[in-house]
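See below for the structure under consideration.
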Amino acid sequence: MIRYAVSMSAESLLQDAGRTGLTAQARQGTRPAAAPLTRELPGDGEQGRGHVGSPAVCCLLVDVDAFLPRAAEAADGWSDRTRHRLRRIIDEQVRHETEASVQPLPPDEWLLTLSSPTADDVQRRARRIAAGIHHTVRAGGELTVTVAVGRTTTGPDAVPEAVSSARQAHRSKLALGPDRVIPAPVLDGGSVDLHASHSFPTGPDVSAPHDVHRELARAISKGESDRARRLLCDWFGTATTCADGDDELVRRWLLGQVLATTAVLDGRLGAGTASDWMAVCEAVPYPALAELADLHEQTTVADWAGRVIDALVTRHRRTSTRTSTLDLVRRHVDQHFTDPDMRLKSVAAIVAVSPFHISHLFRSELGTTFRDYVTQRRVRRAQRLLEETRLGMEQVAQASGFGTPIQLRRVLVRETGATPSAIRQSARERT
C-alpha cells in the first residue's frame, strides 16, 4: 500500500521532521527533509525503539534533470505537467509496495522511503524501483531523471540516516552527470559513512586538472566576463573527468580556483601569511560560494560560474578605481609634502576627486587620515635631517614641510616625545 506524505509548506515539513526526530544532519542542503512514514513500520513502538526488531529502511531521491533551467524557458504549465507525469510514474512503480511512502519535495524532487524486515530485501526493491522509474521516464522522451539510492539502515535513527544517505548519494550527480541511477556504495566491512556520498580514490591516484586561476585573473582584470566564464566552465568539465565521480573533490577544486583567482587579483598569491589569506577570504563572493555545497546540476554550473565571475569583476573594478585614486594622491603627497601650504582640498582639486573621497580612501585602505599620513612623512624627513646633517632648525623645518622651527618642535614632541635637539644629540651619541 502506497502512502503519500504531502507537506507542502516549509513550516509543516519542519514540524514533521521534529516529530520523527530528524536531525540537522539528515536535512542536508536546502531541500525539505523527509516527512515521517505515514503508517507505523514493522517493529515500531516499544520494541522498534531498540535495534532488535527494527525494520530495515532505504530511501530513494528522484530528481528531474535540468528542471529549473527548462522551467524558466518552457511555456506556462510545463512545470505542473512535468510534476504530475513524474508522480504517476512513481505511483505505478511503487503501487505493489506494502511499506512505502512517497513525498514530493518541490520543485523537482521526490523522496521515496521503503522498509522491510530484512536489509537485502529492501535494498533489492529499492534498486528495482529506481531502475523502473529511470527507464520509464527515459522511454517517454522529453525528460530524464536521476535517481539516488541510499544505503539500507536500521535502528532507532533508521529513517533520518536513510534520508541522509540518499541525499549524499544524490550530490554525486555534480561529478557523475545526469540521467542515471546512483547507488550509494557499501563501504568496506559494511560500515555506513553518512558524511561521504561515495568512496573514491584520492591523493596520488587522482590528478587535479591544470590550474586556471591566472588566466581567470587576467580575463577578470580586463573585464572579459564571458571569457572568464568559459574558462571556468571548461575547467569544470575537465575537473569532473579527473575526479572520476568524486563530487566533493570537484567542489574543493572549484573553491581552490576561486580563492586562488581572488588572491591573484589582490596581489596576495604566494604571500602565505594569515593576514593575507584573511584578506582573500574577505574578498571572495560568499553568496555564490555558499551555493557550491548544494550545487548538483552540471547544467547550472554555467549560471553559478557567471555569478562568481560577475562578483569578482565588479569588485575588481571598484578596487582598481580606489587603488588608482589612492596611488595618485600618495604619489603627489610624497613629492610635495615639503610644501607647508599643502592641504587636503588642494590635493583633491589636483587629482579631480572630492576631499571626502580622499579621506575615506585613507581610512578604509590605509587605516589612517590624510593629515596623519602627511605629518608622518614630514616627521620622518625631519628626523633624518636632524640625525644626518648639521642644518639649522629653521632649515630643517623648511626642508621637511613644517615651515617654522616652532611648528617643527611642537609636532616632533607630540609625535616622538623628543625635541629636535634631543633627537640630534641621541644620534651623535650612537655614533
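Taken together, the values in this text are just the output of simple stated rules run on the coordinates, not laboratory data. Owing to the predicted nature of the structure, the values given are computational and were not obtained by experimental measurement. Every residue, glycine as well, gets a Cβ built from its backbone with ideal geometry; the counts of neighbours run over all protein chains shown.
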Using a simple spin-label model with points 7 Å from Cα along the Cα→Cβ vector, what separation in nm is obtained for residue 421 and residue 92? 10.5
About the Cα centre, charge dipole magnitude for the stretch 205-320 (Lys/Arg +1, Asp/Glu -1 at Cβ), debye: 700
Report the charge-dipole magnitude of the stretch 83-141 in Debye, nearest 20, computed about the Cα centre from +1 at each Lys and Arg Cβ and -1 at each Asp and Glu Cβ. 260
What spacing in nm lies between the two simple spin-label points modelled at residue 300 and residue 136, each 7 Å away from Cα in the Cβ direction? 2.6
Using alpha carbons only, how many angstrom separate the centre of the stretch 232-264 from the centre of the stretch 339-372? 43
Using Cα pairs closer than 8 Å and at least 6 residues apart in sequence, work out the relative contact order for the stretch 339-430, in percent. 22
Expressed in angstrom, Rg and Dmax over the Cα atoms of the stretch 205-320 are 13.6, 42
Once phi is turned into θ = phi - 60°, what whole-Hz ³J(HN,Hα) does the Karplus curve with 6.51, -1.76 and 1.60 give for every residue of the stretch 136-144, x standing for Gly and Pro? 5, 5, 5, 5, x, x, 6, 10, 9
Using the Kirkwood radius over Cα pairs, work out the Stokes-Einstein diffusion coefficient for the stretch 339-430 at 20 °C and 1.002 mPa s, in µm²/s as a whole number. 151
Simple spin-label estimate for residue 429 and residue 359 in nanometres, 7 Å along Cα-Cβ: 4.1
Added length on full extension, which subtracts the Cα-Cα distance from 0.36 nm per residue, residue 81 to residue 410: 110.2 nm
Nothing charged except the Cβ atoms of Lys and Arg (+1) and of Asp and Glu (-1): what's the magnitude of the dipole of the stretch 222-261 about its Cα centre? Round to the nearest 20 debye. 260
Pairs of Cα atoms under 8 Å, at least six residues apart: use those to get the relative contact order of the stretch 67-156, whole percent. 20
Neighbour-count order for 378, 390, 252, fewest beta carbons within 10 angstrom listed first: 390, 252, 378
At 0.36 nm per residue, and after removing the present C-alpha to C-alpha distance, how many nm does the segment from residue 120 to residue 328 gain when stretched out fully? 67.6 nm
